[in-house]
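S.K.: Dumping the structure here so I can ask a few things about it.
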Amino acid sequence: MQRYFVTPEQFTDNTVVLTGDDAHHASRVMRMEAGDALIVSDGRSRVAQAEIRSLSPGKVEAEVTEWLPLSGEPRWSATVAQSLPKGDKMEIVIQKGTEIGAVSFLPFQSQRMIVQYDAKKEAKRIERWSKIAKEAAEQAHRSRIPAIEPVASWRELVARISGFDLALFCYEKEGGGHGLRDAIASRAKGWGDGERTILLIVGPEGGFTEREAEEAEKAGAVVVGLGKRILRTETAAMVGLSCLMYESGEMGGV
C-alpha cells in the first residue's frame, strides 16, 4: 500500500490532506481514485490507513479508517556521520541508510575529503538530501523520516561524540583487529531493552588521518575496523549500519 508523510497540521481527528508533490504523485503517478486506500504518517507519533474521498493534482483528501501502530523503526537509534564524499555518493548513503534503519545523518568535513565544501550550496543540498530521505522512508515503510543535519566541522563532530551511548569510528588501519561486532558486544551487554543512541563515523574516499583517529578516540569513540577488506566510503556506511541493525536484533533472534 502506498505510504506518504505529511506534517502534523495536515491531520485532523478523522481526515488527512495531501498537497504539493504528494498529491501529484497520488493522482498522476499512482493514478489513485476515490475509494483507494493509502497509509499516511506525520513522521512523529501518528500513522493511519485512510480512504481517498476526493483528489486533484494539487490536493487529495482522505478519511482515516484505522489508526496503525508505529512500525519500521529500529531498536537502536543510529546516526550515520559521513565525511562529505564526492559526486552523488552522499545521496546513496542517505537513501540506502534510510532503508536500513538510520534515524539521522550528520555530514561533516575531514582532512582528506576530496570534495570542495561550499557553504553557499549547503541549503540546496540539504533540501535535496531531505527529499531523498523522505522518499526512501516511504519506500521502506518507515514511520519517521531520518533527519539530515547541517554539515559539521571536524571539531563540531568530535564535540558531539560524548552525547551518544556508543560512538564507533570506522578506521581502515584497524583492519581485522578491533572489530565493530566486538565493540558492540562489549558495550551492549548491560544495555537491557531501552533505546540506545549510536554514532557511526565514516571517513571520506581518502580515509581518516592518524591524528583524527586519535582525537576521536580521546573524545570517547571506539576505533573499529569493518573487516580485512578496504571498503568504499558509501559501502562502509551501509556495512556498518547493517551490522548495527543485526546486533540490535533487527534481523530476528534477539
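The values are calculated or read from the model by the stated rules, or taken from the named source; none is laboratory data. What you are looking at is a predicted structure, and each value in this text was computed from that prediction instead of being measured. Cβ sites come from the backbone with ideal geometry, for glycine too, and all protein chains shown count toward neighbours.
S.K.: Among what's in the range 185-226 and is under 17 Å from Ile92 (Cβ atoms) and not in a loop (DSSP other than H, G, I, E, B), pick the residue that is farthest from the chain's Cα centre (by Cα).
M.R.: Result: Val202.
S.K.: Tell me whether the range 30-38 contains one or more residues that are in contact with an Asp or Glu (Cβ under 7 Å, 6 or more places away or on another chain) and at pLDDT below 90.
M.R.: No, every residue in the range 30-38 fails to be in contact with an Asp or Glu (Cβ under 7 Å, 6 or more places away or on another chain) and at pLDDT below 90.
S.K.: Looking at the range 118-138, is at least one residue in contact with a Leu (Cβ under 7 Å, 6 or more places away or on another chain) and either small (Gly, Ala, Ser) or surrounded by 21 or more Cβ atoms within 10 Å (Cβ to Cβ) (or both)?
M.R.: no
S.K.: Same structure again: Only one of Ser143, Ser162, Ser153 is touching a residue at least 40 places away in the same chain (Cβ under 8 Å) and touching a Leu at 6+ places or on another chain (Cβ under 6 Å). Can you tell me which? Spell out how you get there, then give the answer.
M.R.: Values: Ser162 fails: touching a Leu at 6+ places or on another chain (Cβ under 6 Å); Ser153 fails: touching a Leu at 6+ places or on another chain (Cβ under 6 Å).
Result: Ser143 is the single residue among Ser143, Ser162, Ser153 that is touching a residue at least 40 places away in the same chain (Cβ under 8 Å) and touching a Leu at 6+ places or on another chain (Cβ under 6 Å).
S.K.: So which of Ile92, Ile52 is β-branched (Val, Ile, Thr) and touching a residue at least 40 places away in the same chain (Cβ under 8 Å)?
M.R.: Ile92
S.K.: Against the condition surrounded by fewer than 19 Cβ atoms within 10 Å (Cβ to Cβ), basic (Lys, Arg) and assigned to a helix (DSSP H, G or I), how does Arg229 come out, does it pass?
M.R.: On the way: surrounded by fewer than 19 Cβ atoms within 10 Å (Cβ to Cβ): yes; basic (Lys, Arg): yes; assigned to a helix (DSSP H, G or I): no.
Taking the combined requirement at face value, the residue does not satisfy it.
S.K.: Check Glu66 against each of (1) in contact with a strand residue (DSSP E or B) (Cβ under 6 Å, 6 or more places away or on another chain); (2) at pLDDT below 90 and name the one condition it does not meet.
M.R.: (2) is the only condition that Glu66 fails.
S.K.: Okay, moving on. Take the residues in the range 54-76 that are in contact with an Asp or Glu (Cβ under 7 Å, 6 or more places away or on another chain) and surrounded by fewer than 19 Cβ atoms within 10 Å (Cβ to Cβ); name whichever of them is nearest to Asp165 (Cα to Cα).
M.R.: Arg75
S.K.: If a residue counts only when it is over 30 Å from Thr15 (Cβ atoms), within 15 Å of the chain's Cα centre (by Cα) and not polar (S, T, N, Q), which strands (runs of 3 or more DSSP E) contained entirely in the range 57-137 have at least 2 such residues?
M.R.: Numbers: elements: 59-68, 76-83, 104-108.
Fully inside the range 57-137 and qualifying: 76-83, 104-108.
S.K.: Under 22 Å from Ala140 (Cβ atoms), hydrophobic (A, V, I, L, M, F, W, C) and assigned to a strand (DSSP E or B): does that describe Leu18?
M.R.: yes
S.K.: Taking the range 115-140 as the search range and keeping residues that are without any contact (Cβ under 8 Å) to a residue 40 or more places away in the chain and polar (S, T, N, Q), which one is farthest from Asp22 (Cα to Cα)?
M.R.: Among those that are without any contact (Cβ under 8 Å) to a residue 40 or more places away in the chain and polar (S, T, N, Q), it is Gln116.
S.K.: Further, regarding this structure: Can you tell me how many residues within the range 39-56 are assigned to a strand (DSSP E or B), polar (S, T, N, Q) and farther than 14 Å from Asn14 by Cα? It would help to see each step written out before you state the result.
M.R.: Step one: of the range 39-56, the residues assigned to a strand (DSSP E or B) are 39-41, 47-56.
Next, only the ones that are polar (S, T, N, Q) stay: 41, 49, 54, 56.
Checking the rest, the ones that are also farther than 14 Å from Asn14 by Cα come to 54, 56.
Residues that pass the stated criteria total 2.
S.K.: Please find, among Arg75, Arg44, the residue that is touching a strand residue (DSSP E or B) at 6+ places or on another chain (Cβ under 9 Å) and of a type outside the set (A, V, I, L, M, F, W, C).
M.R.: Within the list Arg75, Arg44, the selection yields Arg75.
S.K.: Exactly one of these conditions fails for Glu135: (1) more than 26 Å from Leu231 (Cβ to Cβ); (2) out of contact with any strand residue (DSSP E or B) (no Cβ under 9 Å at 6 or more places or on another chain). Give me its number.
M.R.: (1)
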